[in-house]
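First up is the structure itself, then whatever we jot down about it.
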Amino acid sequence: MNINSWLKTNTFHHSNFKDIGAIVAEKQKQKTTVSLCIPTLNEEATIGKEIIILKSELMNQYPLLDEIAVIDSGSEDKTMQIAASFGAQVFLSKEILPELGEKKGKGENLWKAIYQLNGDIIVYIDADIKNIHPRFVYGLVAPLIFNPEIKYVKAFYDRPLAFSQGIRPSGGGRVTEILIRPLFSLFFPELTAIIQPLSGEYAVRRKVLECIPFPIGYGVETSHLIDVFNLYGLQAFAQTDLDKRVHRNQDTRSLGKMAFRILQTFIPRLARVGKIDRLPEMTNILRQFQAHDNYFEEVLFEIDEEERPPMLEIPEYKKKRSNR
Amino acid sequence: MFDNLNEIVKALPRFHNELLELNEILLANLIMIGEIPAPTFEEEHRIDFLKNRFTESGLLSTSSDETGNALGVLYGEKGERNIIVVAHADTVFPATADHTLSIQMDRVTGPAVGDNSLGCAVLATLPKILDVLNIPIYSNIIFMGSSRSLGRGNLEGLRFFLSNFKDPIVAGLCIEGVELGRLSYTSLGMLRGEITCRMPESYDWTRFGAVGAIVILNEVINKILEIPLPRRPRTTVVLGSIHGGASFNTIATSASLRFEVRSEAEGMVKNIALEIEDIVATVASNTGAEIKLERIAERRPGGIPFNHFLARAARSILNGLNIKPRISPSTSELSAFIDRKIPALTVGITNGEHLNEPNETIKIEPISIGITQLLGLLLVIDRGLYIEHQ
């Protein structure tokens, strides 16, 4: 599938779905159920706000969500009490499927949500969003409700406050631009169309979630993209621009750990699809993104990383050095 | 139903219980409104949010007027009277401030959360509350998020509406986020002004004693503080903020002072204003500095008397909720009603601290009591009980 045509048809802005009543009407017509899962670990500063906003707006005001659940990895602060006091179902990850043992990591909570929650669609939202708004949920759920071919909707955040020219650079955070996009450009070029592959907000059909493995740590988002792509192709994906997301910034050392875990999940997947033993011809195209006002397009950079031989192989060098 | 004050006071515990169910809707509105920056003259995004909420709640005639007020009307069963319920939409924080609110089990913290995001959230939620609590309303209630209220705004939004709305308004109810128990039904006479001091381009910095704008402004301040203030009528001069200069070691070329004169007597405000004008002129002529006095906002004193039925009813309602009324005059929206001889009250919704600071905080639990009080007062006004007693 052509990336630019996919960008045109499967890339949305949350404002496309601001009529929440229409989404709810279609959802009820389809008799689809939607569950929200918020994985947590020590998120007392932001969890209360997320639950109040999403419960009030998307359960009470507009019944888009059928359940809101917090799945906690063992917070030592008041995350669980606050979440429960504002009306969320709260589960301790280790108490779900206890016979399978306890593993620590966000991916573990996301995986156990499939078992614990009942929705046909599961929306995952990180708990550290400071500027939570209902768009974080309806912007992701709506493409699934309105388009049966779409199976996996990923969030991205494009936030130009002021840009003097018509074209502006677009893309993800540091790990995305330094690690994921170059890797995808080399091995899974179509997946470079996902503007922010590591964003922690996405909505997925249960039928897809139950078929794919879940790395328990930071590799979960990357592995999902590769696995869903291998199963269904790019047309199963959509992405929604949710504007601005305010959250904690991680330091470089933490990003290093994240990158390491991503590589731990990425390389076995390369092996699984036969790209380790039979490496494809190395491409020289790096795929990045730019935005023209409200639409996005990929930008291809031809990068030739040529090599020079060891200097010892150069006759002129040898000649010069032999005179000494 | 609710045809006398006793009946209304008796219903308050029921209102309070039922309101607890609506707490999360109110908090959701508070967060969404509070995170929209709304410095005076730039309230449009917050106004849009309020209008959307009014529409979603089934209010009619939802609109904005020329000054940018958010308006929606709940047409009453009888529709014989028009009442305004108003909360000012603007805040003292610039749009560039981080407006993120944080919520704990018992409190919400963030810029302007109490003044007046909570007031706006109550306004946005009130139509739904009336609906869910099944409270029949007889009069037409005009819900207004007023624009251009604070500082240089000088209540422009509400004044514009009162000047241009064609039908008579019988009463006003002003909602402030804090402080629960606050009760205002009189307005003080007030003058809000700014004195700016600039050194002219031609100023001779080599002349003996050249000191710059800050020292000259300090001279103005000293003279203002020497103005004798009477104990009766009660009168104060508040020096609110001062700005000037640019660094440690450069003589300041400009400085400004913002102040407010408040008095129970209109004449006293005028006299003090004249004295300040004299001080400004005298210091300017003695120093060679350019000193200007700008009048930013003015209020006339007035309001309803202590024994007015509306004032008595408000005290009874607060007492009925075990809240001790703290009666104080106001210089906010109330003044615009008083200028037009419209009886009005200002009430607070909850307890708060660090008002107008970035860590402004409000308590969650008392909010439902504050709204219960508001419902009681609205019923007193709606049923016209105070009119019968006049």
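The values are calculated or read from the model by the stated rules, or taken from the named source; none is laboratory data. Small disclaimer: the values here were computed from a predicted structure and weren't measured. Positions of Cβ are backbone-derived with ideal geometry, glycine not excepted, and every protein chain shown enters the neighbour counts. Quick note on the areas: whole protein, heavy atoms, side chains included, nothing else; ligands and nucleic acids left out. Shrake-Rupley method; radii C 1.70, N 1.55, O 1.52, S 1.80 Å.
Descriptive notes on the structure:
- For segment B:189-299: span of alpha carbons on each principal axis (Å, largest first): 47, 24, 19
- For q = 0.14, 0.17, 0.27 Å⁻¹, Debye-computed log10 I/I(0) when each Cα of segment A:249-293 counts as one equal scatterer: -0.61, -0.79, -0.93
- Computed Rg/Rh of segment A:23-128, alpha carbon atoms with Kirkwood Rh: 0.98
- Helical mean residue ellipticity (222 nm; -39500 (n - 2.57) per DSSP H run of 4+; nearest 500) of chain B: -11000 deg cm²/dmol
- Efficiency of FRET from Cβ geometry, B:Thr250 and B:Ser202, R₀ 22 Å, rounded to 0.05: 0.75
- For chain A, the longest principal axis of the Cα atoms and the long axis of helix A:20-30 meet at an angle of about 80 degrees.
- Going from the chain on its own to the full set of protein chains, segment B:9-51 has these residues losing 10 Å² or more of accessible surface (heavy atoms, 1.4 Å probe, no ligands, DNA or RNA): B:Glu24, B:Ile25, B:Leu27, B:Ala28, B:Ile31, B:Met32, B:Glu35.
- In segment B:189-299, Cα pairs under 8 Å separated by at least six residues give a relative contact order of 47 percent.
- Solvent-accessible area buried by pairing B with A, both sides, nearest 100 square angstrom, 1.4 angstrom probe: 1600
- Candidates B:Glu66, B:Glu264, B:Glu219: whichever shows maximal mean-square fluctuation once chain B is modelled as a Gaussian network with Cα springs under 10 Å: B:Glu66
- Å³ per residue enclosed by the Cα convex hull of chain B: 146
- Cleavage-rule hits (trypsin sites (Lys or Arg not before Pro)) in segment B:324-390: DSSP loop, at most 11 neighbouring Cβ within 10 angstrom: B:Lys341
- Our summary gives segment A:190-253 a relative contact order of 34 percent, counting only alpha carbon pairs under 8 angstrom and 6 or more residues apart.
- In plain terms, the C-alpha convex hull of segment A:1-85 casts an average shadow of 7.8 nm² when viewed from every direction.
- For the options B:Ile317, B:Ile214, B:Ile362, a Gaussian network treatment of chain B with springs between C-alpha atoms closer than 10 Å singles out B:Ile214 as fluctuating the most.
- Rg to Rh, two decimals, where chain A supplies the alpha carbon set and Rh follows Kirkwood: 1.05
- Over segment A:192-247: Kirkwood hydrodynamic radius from C-alpha pairwise inverse distances, Å: 12.3
- Counting only DSSP beta bridges whose two residues both lie in the protein assembly as shown, roughly 60 percent are antiparallel.
- Cross-link partners for B:Lys78 among the aspartates and glutamates, with Cα-Cα distance under 16 Å and sequence neighbours closer than 8 places in the same chain left out: B:Asp3, B:Asp167, B:Asp382.
- The long axis of helix A:135-146 is offset from the longest Cα principal axis of chain A by roughly 90 degrees.
- In the context of the full set of protein chains, residues of chain B present 43 Å² of accessible surface per residue (probe radius 1.4 Å, heavy atoms only).
- For chain B, modelled as a GNM whose springs connect Cα atoms under 10 angstrom apart, the maximal fluctuation among B:Phe309, B:Phe143, B:Phe248 occurs at B:Phe248.
- Qualifying lysines (Cα of each under 16 Å from Cα of B:Lys128; at least 8 residues distant if same chain): B:Lys51
- Cross-link reach list, lysines versus B:Lys292, counting only Cα pairs under 23 Å and skipping chain neighbours closer than eight places: B:Lys223, B:Lys270
- Cα pair distances of segment B:54-169 binned at 5 Å [whole percent]: 2, 11, 19, 21, 18, 15, 9, 5, 1, 0
- Across chain B, C-alpha contacts under 8 Å between residues 6 or more apart give a mean separation that, scaled by the residue count, equals a relative contact order of 24 percent.
- When the P(r) is computed for segment A:217-324, the part past 24 Å accounts for 56% of the Cα-Cα pairs.
- Descending semi-axes in whole angstrom, ellipsoid equivalent of segment B:1-44, from the Cα gyration tensor: 33, 16, 6
- When each of A:Lys78/B:Lys324; A:Lys104/A:Lys151; A:Lys27/A:Lys257; A:Lys18/A:Lys130 is checked by Cα-Cα distance, pairs over 30 Å: A:Lys78/B:Lys324; A:Lys27/A:Lys257
- Counting only DSSP beta bridges whose two residues both lie in chain B, roughly 70 percent are antiparallel.
- Cα-based Kirkwood hydrodynamic radius, the protein assembly as shown, one decimal, Å: 29.4
- Beta bridges assigned by DSSP with both partners in chain A are antiparallel in approximately 45 percent of cases.
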